[in-house]
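So the structure is just underneath, and the comments pick up after that.
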Amino acid sequence: MIQIPLRSSIVILCVVIFLIWILGTNTSFASDSTTNHNVTELQDWWLYPLILLVLSFLLGVFAVLAGVGGGVLYVPIVSGFLPFHLDFVRGAGLIVALAGALAAGPGLLRKGFANLRLAIPMALIASSSAIVGAMIGLALPTNVIQIMLGATILGIVLLMMKAKKSVFPEVPKPDRLSQTLEIFGIYHEPTINKDISWQIHRTPIGLALFVIIGLMAGMFGLGAGWANVPVLNLVMGAPIKIAVATSKFLLSITDTSAAWVYMNNGAVLPLMVVPSVVGIMLGSFVGVKILGVTKPSVIRILVIIVLGISGTKALLKGLGIG
Amino acid sequence: MDSKENNISKGASKEQILYANILNAGMLIGLISLVLIFILYVSGILSPLIPLEKVQTYWVLSVHEYLVKSGIQVGWAWFGELEYGDMLNYIPIAFLSLLTIICYISLIPGLIRKKDKPYIIICILEIIVLLIAASGVLGSGGH
């Protein structure tokens with residue numbers, strides 16, 4: 001039997017109430033963004049930006065506690081439960097992920113956790129693919145994107161449930177490409193007070209996987225930390241701390257290229273983007289503060305459940321059932 | 001292996017610190033501007049091109065329908081309409097999106113000094129990729 005601490009229970013309860021309230025309001029005055037193009041009944045213009053601010057704040061808290069990026073929660077939940085069209089949600093999702101990566105990047109680089117030499121080659125591949133992904137995403141019919149988004153989110157849920165992580169992966173021999181590019185380093189691991197020397201292998205396979213990661217990031221506006229980390233850690237053999245930090249920094253480059261495509265196509269609305277960015281950043285600060293007093297395993301289970309519901313809803317919406 | 005160990009320095013390299021410093025300053029400028037300009041926009045101090053109460057009638061549409069109904073031009077057209085509160089918001093968003101290009105440009109002199117050819121080429125290619133994305137030459141998707 002899982003013991004849920006009181007504080008976690010309160011947070012969980014608040015989120016559930018908030019989501020139920022959103023669902024309730026959604027059915028009463030929101031239009032279906034995929035099938036019905038009728039304009040919503042006019043409400044006070046500030047209502048939805050306020051909802052976005054509160055929801056993004058909660059997502060920011062949960063993203064930190066669950067160890068996932070903001071975008072992967074933002075896009076399925078906002079597109080699933082609020083009346084915004086998926087095009088604008090994906091545009092906002094990319095800016096949200098970009099802002100979070102830009103905010104975290106400097107600290108991670110200075111501490112030596114994010115590694116520039118590891119990030120730069122991966123970023124070139126991922127950002128080029130993200131542009132293609134964004135163009136495909138804006139060109140395909142909404143229901144097709146919605147189905148693909150739902151399937152991807154459910155895939156991420158499986159990945160979160162099954163994926164292992166390796167704190168210090170064994171890399172017996174670095175590959176030739178990583179040696180040519182001089183991708184290796186030493187970082188100080190404060191938990192064991194030791195300097196850790198690391199190197200990577202399977203660089204060509206990693207680069208090939210970043211083509212797929214970039215395409216998905218651009219197509220769905222999800223950010224891509226959920227995919228970056230396993231590739232850097234499990235496939236290429238970077239220590240988990242280097243993988244997580246480099247992944248977060250990588251998003252600042254990958255999402256930049258896709259964000260431009262959405263912005264140049266008119267899919268970035270300031271009235272959606274700014275409350276979302278402010279909310280998720282404030283939530284991240286609070287998340288970091290309460291990280292020590294919450295049970296990550298409980299939060300992780302909750303995130304998996306919420307993502308599972310959002311993914312299913314996106315899938316059903318795309319199929320015209322939801 | 002010995003020669004490799006000799007080449008490894010602990011923690012962040014000089015280039016990495018430079019990149020972090022530029023990113024940090026730019027990120028702070030961009031995010032603070034984003035909030036301040038948004039306040040000017042929603043408070044009505046700067047009147048918007050699309051009235052605030054009308055935006056919610058557009059965000060339920062696909063981006064293609066939104067562009068047709070609102071008459072908003074794609075690409076960098078917003079740059080010619082900065083007197084409007086909503087269009088002015090694109091300045092900090094664009095700035096945040098240009099920040100990576102600025103950081104990459106700052107890396108090039110150090111890489112040239114080190115004669116680090118592979119990374120000079122990769123960085124230049126990345127700058128080209130990001131400039132192409134930013135330029136809008138890739139055209140409109142739309143449904």
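Checking the condition part of a helix (DSSP H, G or I), within 30 Å of residue B:35 (Cβ to Cβ) and not aromatic (Phe, Trp, Tyr), which residue from A:263, A:216 passes? Result: A:263 is the single residue among A:263, A:216 that is part of a helix (DSSP H, G or I), within 30 Å of residue B:35 (Cβ to Cβ) and not aromatic (Phe, Trp, Tyr).
Just one of the numbered conditions (1) basic (Lys, Arg); (2) surrounded by fewer than 24 Cβ atoms within 10 Å (Cβ to Cβ); (3) farther than 16 Å from residue A:184 by Cβ is not true of residue A:248: (2). Counting only residues that are surrounded by fewer than 21 Cβ atoms within 10 Å (Cβ to Cβ) and among the hydroxyl-bearing types (Ser, Thr, Tyr), the stretch A:297-322 holds 2 of them.
A quick yes/no check of all residues on (1) more than 9 Å from chain B (Cβ to nearest Cβ); (2) surrounded by 21 or more Cβ atoms within 10 Å (Cβ to Cβ):
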{"site": "A:94", "(1), (2)": "yes, yes"}
{"site": "A:105", "(1), (2)": "no, yes"}
{"site": "A:127", "(1), (2)": "no, yes"}
{"site": "A:134", "(1), (2)": "no, yes"}
{"site": "A:148", "(1), (2)": "yes, no"}
{"site": "A:152", "(1), (2)": "yes, yes"}
{"site": "A:165", "(1), (2)": "yes, no"}
{"site": "A:193", "(1), (2)": "yes, no"}
{"site": "A:196", "(1), (2)": "yes, no"}
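Here is the figure for the stretch A:232-245: residues that are buried (at least 24 other Cβ atoms within 10 Å of the Cβ), part of a helix (DSSP H, G or I) and more than 13 Å from every other protein chain (Cβ to nearest Cβ) total 3. Of all the residues in the stretch B:98-110, those that are facing another protein chain (nearest Cβ under 10 Å) and closer than 16 Å to residue A:109 by Cβ number 5. Every test in (1) without any contact (Cβ under 8 Å) to a residue 12 or more places away in the chain; (2) in contact with a Ser or Thr (Cβ under 6 Å, 6 or more places away or on another chain); (3) more than 7 Å from every other protein chain (Cβ to nearest Cβ) is passed by residue B:39 save one, and that test is (2).
Quick check on the stretch A:171-185. Is at least one of its residues within 26 Å of the chain's Cα centre (by Cα) and surrounded by fewer than 22 Cβ atoms within 10 Å (Cβ to Cβ)? No; the residues of the stretch A:171-185 include none that is within 26 Å of the chain's Cα centre (by Cα) and surrounded by fewer than 22 Cβ atoms within 10 Å (Cβ to Cβ). The C-beta contact set for the stretch A:211-225 (first residue closer than 16 Å to residue A:252 by Cα, second residue outside any helix (DSSP H, G or I), distance under 6 angstrom, 6+ apart or interchain) comprises A:213/A:224; A:217/A:224; A:223/A:69; A:225/A:69.
Within the stretch A:167-181, residues that are away from chain B (no Cβ under 13 Å) have Cβ atoms under 6 Å from residues that are buried (at least 16 other Cβ atoms within 10 Å of the Cβ) and of a type outside the set (Ser, Thr, Tyr) in these pairs: A:167/A:240; A:168/A:239; A:169/A:237; A:175/A:201, counting only partners at least 6 apart in sequence or on another chain.
Before we move on, is residue A:261 open to solvent by less than 10 Å² (accessible area, probe 1.4 Å), of a type in the set (Val, Ile, Thr) and at pLDDT 85 or above? Criteria met by residue A:261. When restricted to residues that are part of a loop (DSSP other than H, G, I, E, B) and modelled with pLDDT of 90 or more, the stretch A:266-298 contains 4. Mind checking whether some residue in the stretch A:144-151 is farther than 26 Å from residue B:136 by Cβ, of a type outside the set (Lys, Arg) and out of contact with any helix residue (DSSP H, G or I) (no Cβ under 6 Å at 6 or more places or on another chain)? Yes.
Which ones in the stretch A:103-140 are of a type in the set (Lys, Arg) and either assigned to a helix (DSSP H, G or I) or at pLDDT 95 or above (or both)? Step through it out loud before you land on a result.
Pass one, the stretch A:103-140, residues of a type in the set (Lys, Arg): A:110-111, A:117.
Passing the criteria: A:110, A:117.
The sole residue among B:81, B:126 that is closer than 30 Å to residue B:52 by Cβ and more than 13 Å from the chain's Cα centre (by Cα) is B:81. Being assigned to a loop (DSSP other than H, G, I, E, B), of a type in the set (D, E, K, R) and within 30 Å of residue B:20 (Cβ to Cβ) is the requirement here; does residue A:173 meet it? No; evaluated as a whole, the condition is false for this residue. For residue A:200, the conditions (1) open to solvent by less than 20 Å² (accessible area, probe 1.4 Å); (2) under 26 Å from the mean Cα position of the chain (by Cα); (3) at the interface with chain B (Cβ under 8 Å from one of its Cβ atoms) all hold with the exception of (3).
The values are calculated or read from the model by the stated rules, or taken from the named source; none is laboratory data. Just so it is clear, the structure is predicted and the values come from calculations on it, not from any experiment. Every residue, glycine among them, receives a Cβ derived from its backbone with ideal geometry; neighbour counts consider all protein chains shown. Surface accessibility is based on the protein's heavy atoms, side chains included, excluding ligands, DNA and RNA. Shrake-Rupley method; radii C 1.70, N 1.55, O 1.52, S 1.80 Å.
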